[in-house]
Amino acid sequence: MLSVAITQRLGDFTLDAAFDSEGGLTALFGRSGAGKTSLVNAIAGLYRPTKGYVAVDGEVLTDTATGVFVPAHRRRVGYVFQEGRLFPHLKVRQNLLYGRWFAPKTSSGSDFDQVVELLGIGHLLARRPANLSGGEKQRVAIGRALLVRPRLLVMDEPLASLDEGRRGEIFPYIERLRDEMRVPIVYVSHSVAEVARLATTLVVLSEGQVAAIGPTAQIMSRLDLFPLTGRAEAGAILTTRVAGHDAAFGLTILRAAAGELRVPYLDLPVGTSLRVRIRARDVMIALRAPEGLSALNVLPGTIAEIAGGDGPIVQMRLDCAGEALIARLTRRSVETLGLVPGLTVHAVIKSIAFDHHAFAGAAPGASADAEVADG
């Protein structure tokens, strides 16, 4: 359990943010200048706020009301920055062992071996940072932070300096930290794709304040937050399970509460759980179940909400058996089809929606990054 409440004046900017989180990966999301880094720096103890409270699992780290302020080096908060910030003169093994200096005395050599195996960096131990790729540097930086035996891991836009390929390399390791090691993580990002894939709890920051907090799928489907989360990347997250494979056509069948989806083949066992992000721009609306259509994925639903405004583009939220789906249409289409809340419709999902950005947890052996035609 993480409890945070920070008030701090920073030049012309005022940070006044509070939230509670129950473990997993809590993403602090917002535009540049929203206060994300200032907030995690306060959590990590990098500065003493004017007014604030930070507690992890009931242990108070900051409480200005009672004068409590645990120094950063005693907080056991692992910090991973945008750049690896490794010591250039030390080999990878020595960089990792540096983290052990701040760990409890009960830490053992098995911790080191476990972290090295978890992050797949055993073959890098004898190298220096200059001989590592950007993704390898970040994995070493994560390992060093983990060897502190942190009660909390803070990651400040750890993928921002990496290209798309390197980001894809790191995602599975962060998911393993979240799911296998169960290290509570506070993750700073302004990327919708990142938080959709990784976050269990989403905190949306705007101008130094918390605009919304809740389960990621719930927050991502709120039409009123699109000005903050970004209309261009608006979409929804479906929780699915691998139901089977269609080897003849190179497809995987995913089952969700909303219905079945057929996607490019994923090398995952039947029963595997994964989240699928479907962007609003990849959803079309039909009044009746389509016939003679190449698209493989059609989900029935009810229009739950249509965003207001008089612009040419309209955002719409569908209720598909309790799961949200977002569609983006022209205002002309909405009026021509007579779309109103409460109307039963069918969502037609374009096949190109299911590229490698769509899946959370499907990286090992996944082949869904092959772009397919619309059907």
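The values are calculated or read from the model by the stated rules, or taken from the named source; none is laboratory data. These numbers were taken from a predicted model, which means no experiment stands behind them. Positions of Cβ are backbone-derived with ideal geometry, glycine not excepted, and every protein chain shown enters the neighbour counts.
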Review point. Here are I303, I285: which of them is part of a strand (DSSP E or B), over 25 Å from P172 (Cα atoms) and in contact (Cβ under 8 Å) with a residue 60 or more places away in the chain?
Key: I285
Exercise for review: With the checklist (1) at positive phi; (2) assigned to a strand (DSSP E or B) in hand, flag the one item V276 doesn't pass.
Suggested key: (1)
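On the basis of being within 30 Å of R176 (Cα to Cα), surrounded by 14 or more Cβ atoms within 10 Å (Cβ to Cβ) and not assigned by TED's automatic domain parsing to the domain that holds E169, does R279 make the cut? If you could, list the steps in order and put the result at the bottom.
Working: within 30 Å of R176 (Cα to Cα): yes; surrounded by 14 or more Cβ atoms within 10 Å (Cβ to Cβ): yes; not assigned by TED's automatic domain parsing to the domain that holds E169: yes.
Spelling it out, R279 is indeed within 30 Å of R176 (Cα to Cα), surrounded by 14 or more Cβ atoms within 10 Å (Cβ to Cβ) and not assigned by TED's automatic domain parsing to the domain that holds E169.
Could you tell me which of the residues R31, R93, R85, R48 is among the charged types (D, E, K, R), more than 17 Å from S189 (Cβ to Cβ), surrounded by fewer than 23 Cβ atoms within 10 Å (Cβ to Cβ) and at pLDDT below 90? Step through it out loud before you land on a result.
Details: R31 fails: more than 17 Å from S189 (Cβ to Cβ); R93 fails: at pLDDT below 90; R48 fails: at pLDDT below 90.
Answer to the selection: R85.
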Check your understanding: So how many residues does region 47-76 have that are farther than 19 Å from L15 by Cα and either in contact with an Asp or Glu (Cβ under 6 Å, 6 or more places away or on another chain) or not small (G, A, S) (or both)?
Key -> 12
Point to revise | Residue check for A368: buried (at least 17 other Cβ atoms within 10 Å of the Cβ), in contact with a Leu (Cβ under 7 Å, 6 or more places away or on another chain), assigned to a loop (DSSP other than H, G, I, E, B) and modelled with pLDDT under 90 | key: yes
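Confirm whether G244 is surrounded by 15 or more Cβ atoms within 10 Å (Cβ to Cβ) and over 17 Å from the mean Cα position of the chain (by Cα).
Numbers: surrounded by 15 or more Cβ atoms within 10 Å (Cβ to Cβ): no; over 17 Å from the mean Cα position of the chain (by Cα): yes.
So G244 does not fit the description; no.
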Practice item. Hand me the list of strands (runs of 3 or more DSSP E) wholly inside region 17-90 holding 2 or more residues that are in contact with a strand residue (DSSP E or B) (Cβ under 7 Å, 6 or more places away or on another chain), in contact (Cβ under 8 Å) with a residue 24 or more places away in the chain and of a type in the set (A, V, I, L, M). Key: 25-29, 51-56, 77-80
Point to revise | Candidates I253, I313, filtered to the one that is among the β-branched types (V, I, T) and under 26 Å from the mean Cα position of the chain (by Cα) | key: I253
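Right, I121: at pLDDT below 90 and touching a helix residue (DSSP H, G or I) at 6+ places or on another chain (Cβ under 6 Å) or not? Please lay out each step first, then the result.
Working: at pLDDT below 90: no; touching a helix residue (DSSP H, G or I) at 6+ places or on another chain (Cβ under 6 Å): yes.
Taking the combined requirement at face value, the residue does not satisfy it.
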Point to revise | Flag for I6 being in the same structural domain as P158 (by TED's automatic domain parsing), assigned to a strand (DSSP E or B), crowded, with 22+ Cβ neighbours inside 10 Å and not hydroxyl-bearing (S, T, Y) | key: yes
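Of all residues in region 306-343, which are small (G, A, S), part of a loop (DSSP other than H, G, I, E, B) and in contact with a helix residue (DSSP H, G or I) (Cβ under 6 Å, 6 or more places away or on another chain)? Before you say what the answer is, go through the steps one by one.
Of region 306-343, the ones small (G, A, S) are 307-309, 311, 321-322, 324, 327, 333, 338, 342.
The next check asks that each one be part of a loop (DSSP other than H, G, I, E, B); those that pass are 307-309, 311, 321-322, 338, 342.
Of everything in region 306-343, just one residue is small (G, A, S), part of a loop (DSSP other than H, G, I, E, B) and in contact with a helix residue (DSSP H, G or I) (Cβ under 6 Å, 6 or more places away or on another chain), namely A307.
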Exercise for review: Give the number of residues within region 227-267 that are farther than 18 Å from L296 by Cβ and among the polar types (S, T, N, Q).
Suggested key: 2
Revision key, fill the gap. Counting only residues that are more than 23 Å from P264 (Cβ to Cβ) and in contact (Cβ under 8 Å) with a residue 60 or more places away in the chain, region 288-300 contains a total of 0
Exercise for review: Go through region 53-68 and give me each residue that's out of contact with any helix residue (DSSP H, G or I) (no Cβ under 6 Å at 6 or more places or on another chain) and either more than 17 Å from L2 (Cβ to Cβ) or surrounded by 17 or more Cβ atoms within 10 Å (Cβ to Cβ) (or both).
Suggested key: Y53, A55, V56, L61, T62, T64, A65, T66, G67
**Study point:** region 120-145, residues that are crowded, with 22+ Cβ neighbours inside 10 Å and among the aliphatic types (A, V, I, L, M)
**Key:** L124, V140, A141, I142, A145
Point to revise | Pick from region 248-258, criterion assigned to a strand (DSSP E or B) and in contact with a Ser or Thr (Cβ under 8 Å, 6 or more places away or on another chain), ranking: surrounded by the most Cβ atoms within 10 Å (Cβ to Cβ) | key: L254
